Amino acid sequence: MAKTRSLEAINKKLFKGASSLQATLEGMLETRRPLAVLEIGCGAGRALMELALAFRHEPVRFYGINRELGNPISSSADLARVAREYDLDVESAGAEWQLPELFFYDATTLHFSANSIDLIYLSSVARFIEHKAEFIEEVCRVLTPGGVAIIQLSRSGWDYPEGEIRDDLLVTRYPSRLVLTHGRDLVPLPKYLKQFAETGVEFEFISTPACVLRVTKRQAGRLSLGLEYDTVRSVPMTQLPYGQEDVREARGGFRSVYRVSDEGYKAMLDRLARLPARDSPTGGSEESQETSLPLTTPKPPRTVTSYRVGQRVKVKGKRGEGRSFRASKIRPNDDGLEWEELEGGVEWVDAATGTFGLLGCTVYVDAEYRASDTWDRAARGALRRGTLAKVSGSFRDGRFAPERLVIKEPHAVIVEEIQGAISSIDAASACLEVAGFTVRVDARTRIVTE
């Protein structure tokens, strides 16, 4: 359990045997004294006490923060009881030795003054913090010049690749708790953070498969990451409907999404442009490899002509005016069915006539279907404005007649989707006709052909 995690367990999570918090502190003591150390999310304080006792004869002050008072400890005095429970030798520390000082609040904003803490570490709680970028900025504010923070941001599957976002809900198939975007593009976290070394803050990812970030502050000053919090896409991990094809791992925590500003994106590209060219397959630094050109011939861009009339496709995106639909992603859908499918937020419901609005269409439920348990449940309130619904059927006389109705749990982001056979392709205007909609494709559309 997190509240009883030992120092050995935390070292294993943060360093994977390559180093330890003890070694980090010992290295700092060679060049500076006294030191201040902070554990955020210290739980019962076992690891904090073990570390403090290991340096009981050194000029090091220890602090701990928990979000809630009394869960599982309420004051610094409780740490003595924790020490006894785990057979930690507090008596040998001497009468002048002080217990770590504890505080209880949300650590997104820290009460410590700027340039006051030499080492900050946290092994589990960062993945639950909603405003992670602001938290990192705050950590950098309180670090002393030369100070270090070691933060486990996420578990496995965090290192999403560069490319277009998957869709407006999942964003990426990788379960990262911190995701950066610029327009419709994903911005890899390591690539973006490296530019801040020029401002005196170095970011290094030191452990895999978990996302462990080492932050080293080289000079005094306040860090601004230049990120805008995406309130719509930032949601608890449990609200994200990952499929079997996605990277799988534990779903706890909160997925924080930030938009990179145009200035921040340009600064990243400018840094990459200044890197030395890679002149041999074995030469060059890790950074120069980021900008190396692929050795294979680039494939031609995919367009609407990558598909054929009659082919069934699944289209995700956003409905425009009338029956237009702007596609964010198109992929083949060889499910063997002949139905057309609509999915999105319900716009209105008239239970008396058995109709409701979906993607600007009137969905008509016939008398036989209205007598079924599914419609009965819908009429009793499961189907209402804003509900996420999926219908399978066909258009008849200008209305959509469903053969199947699925009412889904609502998400923070409503993803709109249509499925059906392509009835026509207009290469000149980059449009497809699918399920009665004119699907418009642009440079931001992800076109999948396999």
Candidate set from segment 63-79 (those that are more than 19 Å from H111 (Cα to Cα) and surrounded by fewer than 15 Cβ atoms within 10 Å (Cβ to Cβ)); member that is modelled with the lowest pLDDT
N71
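Quick check on I418: is it part of a strand (DSSP E or B) and at pLDDT 85 or above?
Yes; evaluated as a whole, the condition is true for this residue.
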Can you name the residue in segment 243-274 that is among the aromatic types (F, W, Y) and in a strand (DSSP E or B) and, of all such residues, is modelled with the highest pLDDT?
Y258
Provide a single number: the residues in segment 72-93 that are under 12 Å from L48 (Cα atoms) and of a type in the set (S, T, N, Q).
1
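Let's see how each residue does on (1) at pLDDT below 75; (2) exposed (fewer than 13 other Cβ atoms within 10 Å of the Cβ):
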| position | (1), (2) |
| --- | --- |
| G360 | no, no |
| S372 | yes, yes |
| W375 | yes, no |
| G381 | yes, yes |
| L405 | no, no |
Those residues of segment 143-186 which are farther than 29 Å from R222 by Cβ and assigned to a strand (DSSP E or B) amount to G163, E164
Among the candidates R214, R222, residue that is in contact with a strand residue (DSSP E or B) (Cβ under 9 Å, 6 or more places away or on another chain), more than 30 Å from V441 (Cβ to Cβ), touching a residue at least 60 places away in the same chain (Cβ under 8 Å) and charged (D, E, K, R)
R214
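Does T305 qualify as being farther than 19 Å from E162 by Cβ and modelled with pLDDT of 50 or more?
Yes; evaluated as a whole, the condition is true for this residue.
Residue-by-condition table, conditions (1) touching a strand residue (DSSP E or B) at 6+ places or on another chain (Cβ under 7 Å); (2) among the hydrophobic types (A, V, I, L, M, F, W, C); (3) buried (at least 18 other Cβ atoms within 10 Å of the Cβ):
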{"site": "L102", "(1), (2), (3)": "yes, yes, yes"}
{"site": "S116", "(1), (2), (3)": "yes, no, no"}
{"site": "R141", "(1), (2), (3)": "no, no, yes"}
{"site": "I151", "(1), (2), (3)": "yes, yes, yes"}
Give the residues of segment 422-450 that are in contact (Cβ under 8 Å) with a residue 40 or more places away in the chain, surrounded by fewer than 18 Cβ atoms within 10 Å (Cβ to Cβ) and under 21 Å from G398 (Cβ atoms), sorted by residue number.
S423, S424, T438
Taking segment 190-230 and keeping residues of a type in the set (D, E) and closer than 16 Å to R177 by Cα leaves E228, D230
Answer yes or no as to whether L7 is modelled with pLDDT of 90 or more, closer than 18 Å to A149 by Cβ and hydrophobic (A, V, I, L, M, F, W, C).
yes
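Output the residues belonging to segment 121-139 that are buried (at least 22 other Cβ atoms within 10 Å of the Cβ) and within 23 Å of R184 (Cα to Cα).
Residue satisfying the conditions is K132 alone.
The rows are residues; the columns are (1) in contact with a Gly (Cβ under 8 Å, 6 or more places away or on another chain); (2) at pLDDT below 90; (3) within 25 Å of L29 (Cβ to Cβ); (4) assigned to a helix (DSSP H, G or I).
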residue: R61; (1), (2), (3), (4): no, no, yes, no
residue: A95; (1), (2), (3), (4): no, yes, yes, no
residue: D106; (1), (2), (3), (4): no, no, no, no
residue: S113; (1), (2), (3), (4): no, no, yes, no
residue: D118; (1), (2), (3), (4): yes, no, yes, no
Considering segment 34-55, residues that are touching a strand residue (DSSP E or B) at 6+ places or on another chain (Cβ under 8 Å) and assigned to a helix (DSSP H, G or I), and then whichever is surrounded by the most Cβ atoms within 10 Å (Cβ to Cβ), we arrive at A52
Within segment 320-344, the residues that are of a type outside the set (A, V, I, L, M, F, W, C), buried (at least 18 other Cβ atoms within 10 Å of the Cβ) and modelled with pLDDT of 85 or more are E340, E341, E343, G344
The residue from V37, V60 that alone is closer than 24 Å to S116 by Cβ and in contact (Cβ under 8 Å) with a residue 60 or more places away in the chain is V37
If I filter segment 345-358 down to residues being within 11 Å of A389 (Cα to Cα) and touching a Gly at 6+ places or on another chain (Cβ under 9 Å), which single residue comes out as surrounded by the most Cβ atoms within 10 Å (Cβ to Cβ)?
L358
May I ask you to verify whether E58 is surrounded by fewer than 17 Cβ atoms within 10 Å (Cβ to Cβ) and more than 21 Å from R177 (Cα to Cα)?
yes
Within segment 188-242, which residues are buried (at least 16 other Cβ atoms within 10 Å of the Cβ) and on the phi > 0 side of the Ramachandran plot?
G226
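The values are calculated or read from the model by the stated rules, or taken from the named source; none is laboratory data. In this text the structure is predicted, and so the values were computed from the model without any measurement. Don't worry about glycine lacking a Cβ; one is built from the backbone with ideal geometry, like all the others, and counts go over all protein chains shown.
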